Amino acid sequence: MGGADVEAVWRIESARIVAALTRFTGDFELAEDAAQEAVAEALVSWPLASPANPAGWLMATARRRAIDAIRRRTALQDRYALLAARAAVDEEIDPDRIDDDVLALMFVSCHPVLSPEARVALTLRVVGGLSSEEIARAFLVPVSTVQARITRGKKTIAAAGVPFELPSAAERRERLSGVLSVIYVIFTEGSTATSGDRLLRPDLAYEAIRLARTLAALQPAEPEVHGLLALCELTAARFPARTGQDGSPILLEDQDRRRWDISAIRRGLAALARASARGLGPYGLQAAIAATHASAPSVEATDWDRIVVLYEALGRIAPSPVVELNRAVAVAMASGPAQALAIVDELIAADRLPGSHLVPTVRGELLARLGRRSEARAELELAARLCPNRRERSVLLRKAAALS
Amino acid sequence: MPKYLLIMRGTDESNAAMMADIDEMMAATHRFIEEMVKAGVLLAAEGLDDPGQGAVVDFGGEVPVVTDGPYGETKELFGGFFMLDVASKQEAIEWAKRVPAAPGSKIEVRRVPGSDEVPQVHE
C-alpha cells in the first residue's frame, strides 16, 4: 500500500479516530497530534508491509502515540495508569458513542473562540481528513500558513478550556449555525473562488458537500442542515455548465442546461423537502431559490415572481446588502430594470456594499437594459477594477467594450 | 468529484453462501450503508433480483429481440451496486474492501465520469 492508500483510509477514518482519541484522553490537541503521528508512520510502514486491517492499525497506533505523549507528562502518571488499564478493552471504536463524538468534534473544530480561518482549516483537517498540503492548495495559501492556523487553533481550544462535548440545549442552535457557516464558507470558496485564476474549485465544494452530508446524517432533525445541503447540491449541479472549455465563466442565461447534473438536482430537491419541515430558514430559502432555477427550462421561463418572494423572505430573516442586490436582479427579471435600479440606488445611497464589484456589475447591467449605454459602460469598467477574480474581470471588460 | 460504482458480482456458489446466512448479511449490509451515509459518500445502493427473473433485450437484429432469463453465459452476474462520491479511486477501493460480500464474489470498481467530461453535443 502506498501514500495514496494511506490517504484514502485516513479520509474515511480521521474523524472517528480523532473523536475517539479526544474522548479517550480528554485532550483534543494531543489526540490530533497522535493521529497525525500515526498517519506519518503509516506512510513509512505500509509500503513495506500492508496491514490486514488498515483502519484498526491507524487507531491502535494513534492510541499508542497518545499514551506515549501522556506518559511523557510525568504529572499525569495517575491518568496514564488509568489509560493503560482501559487500553485493552477500548481497542474498538464504540459504535453507540462514536456518532456523538464525531458531532462533538465538528462543534469543537467550529468553536466560536477560533478565528474563522482556523475553523475552516481544523474542520477540513480533522473532520474531513485532508492534509495541510491539500488545504493549502485548495485555499491558495502557503502550507506553513495552514499549519500555523491549525497549531494556533489547537492551542486556542486548550487555552479556552473548550470541553469535548455536545453544546448544551441553550446554546445548541447558535453553535449549530456556527458549524453550518463554516461548511458554507468552504462551499462558497469552491463555487465562487474569491481570488486566483479559476472560477470554480470543485474539489473544495465537494469537501463542503461531504461535510454537510455527514452533518445531515448525524443531525437529521435539523431543517437548516438539510437546507444547507440542498443549497450546496443545487448550486454544484450547475458547475458543469458554468465554465467554458477555457475556464471562462458562463452566465446563467447562457448556460446549456442539459449539462446540469440531474442527479445532483434530484438530491438537492430531496434535501430541500426535508428542510421544509418547519418553514425554511436562511439556507433553506437560498436552496429554494436555487431549486426554482434548477427546475426552469430557461431564464425566460423561470418563475421570477417566486424568486422575488423568496428573496423578500430571506431579506426579512437574514437581512444583508447582498440579498438586497440579488432581490434587485430578480425584480429586474420579474418587473423590469427601472424598479430594480431603484433598489440598487438605495443600496448605494446607504453605502451598504462599499468597494464591492457586485454593485456596479448589477447597476451596469440594468443601465444597459435601460439603454443608458455610456453610464452602463462606466459602471462595468468600475466593476472590473474592483473584481478580484481574473476570469470574472475579463467578462466584465468584454461587456463594457461591447457597449462602446 | 469522482463518482464510483461498486458493482457486486456474485457466482452461484457465493449467492448460495449469502442466502444461507441472509439475516446476518442483511444486518451487515445495513451497518455498512449507514457507515457510508455518515461519511457523506453514499449516493445510491440497490440490490438486484434473481437474474433468472430478468429479461435480455438484444439489439443485434433489425428489431430488438427479447429473451427471458439471465444475461448470457456470464459466470459472475451483476447482483447489485453502490454508487459512491469519494475523493479518489483509492478511497472507492477502500470502501469496496469493506463491503460485506459473500466468499467467492467479486466487486468491480468503475469510475462514473461527470457530465462535464462528456463531449459536448454540436448541433
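Taken together, the values in this text are just the output of simple stated rules run on the coordinates, not laboratory data. If you're wondering where the values come from, they're calculated on a predicted model, not measured in any experiment. For neighbour counting, all protein chains shown are included, and Cβ atoms are generated from backbone atoms with ideal geometry for every residue, glycine included.
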**Prompt:** By per-residue mean of other Cβ atoms within 10 Å, what is the highest-first order of A:97-107, A:52-62?
**Reply:** A:97-107, A:52-62
**10 Å Cβ neighbours from other chains, averaged over peptide A:258-265** = 3
**Asked** Ignoring the sites themselves, what is the longest stretch of chain B with no chymotrypsin sites (Phe, Trp or Tyr not before Pro) in a DSSP loop and at most 15 other beta-carbon atoms within 10 Å?
**Response** B:1-58
**Charge dipole (debye, nearest 20) of the protein assembly as shown; +1 at Cβ of Lys and Arg, -1 at Cβ of Asp and Glu** = 2000
**Request:** May I ask which residue of A:Ala270, A:Ala69, A:Gln147 lies farthest towards the positive end of the charge dipole of chain A, with charges of +1 (Lys, Arg) and -1 (Asp, Glu) on Cβ and the Cα centre as origin?
**Result:** A:Gln147
**Request:** Distance between Cα centroids, segment A:98-165 to segment B:1-53: provide it in whole Å.
**Result:** 35
**Fill in**
Partner shielding of B:90-103, as the mean number of partner chain Cβ atoms within 10 Å, equals 3
**Fill in**
When all Cα-Cα pair distances of segment B:3-112 are considered, the percent exceeding 16 Å is 63
**Request:** Provide, as a two-decimal number, the C-alpha radius of gyration of segment A:246-404 over 2.2 N^0.38 Å, N being how many residues it has.
**Result:** 1.09
**Prompt:** Along the positive direction of the dipole of the protein assembly as shown (beta-carbon charges: Lys, Arg +1; Asp, Glu -1; about the Cα centre), which of A:Pro47, B:Thr11, A:Gln339 reaches farthest?
**Reply:** A:Gln339
**Sequence-distant aspartates and glutamates (8 or more away, or on other chains) whose Cα lies within less than 12 Å of B:Lys38** = A:Glu13, A:Asp99, A:Asp100
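Mean residue ellipticity at 222 nm from the helices of chain A, using -39,500 (n - 2.57) per DSSP H segment of n ≥ 4 over the full residue count, to the nearest 500 deg cm²/dmol? Walk me through the numbers on the way to the answer.
On the way: 20 runs with 284 residues, N = 404.
Mean residue ellipticity at 222 nm (helix-derived): -22500 deg cm²/dmol.
Expressed as a fraction of 2.2 N^0.38 Å, the rule-of-thumb size for a compact globular protein of N residues, what is the C-alpha radius of gyration of the protein assembly as shown?
1.10
Counting other beta carbons within 10 Å of each residue's own, what order do A:Thr22, A:Thr188 fall into, fewest first?
Ascending number of Cβ neighbours within 10 Å: A:Thr188, A:Thr22.
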**Message:** Relative contact order for chain A: what percent, with Cα pairs under 8 Å and sequence separation of 6 or more?
**Reply:** 10
**Asked** How would you order A:29-42, A:349-362 from highest to lowest mean count of nearby Cβ atoms within 10 Å?
**Response** A:29-42, A:349-362
**Fill in**
Cβ density ranking, 10 Å radius, fewest first, applied to A:His293, A:His226 yields A:His293, A:His226
**Complete:** Expected sort for A:Leu166, A:Leu403, A:Leu200, A:Leu130 with the fewest Cβ neighbours (10 Å cutoff) up front is A:Leu166, A:Leu403, A:Leu200, A:Leu130
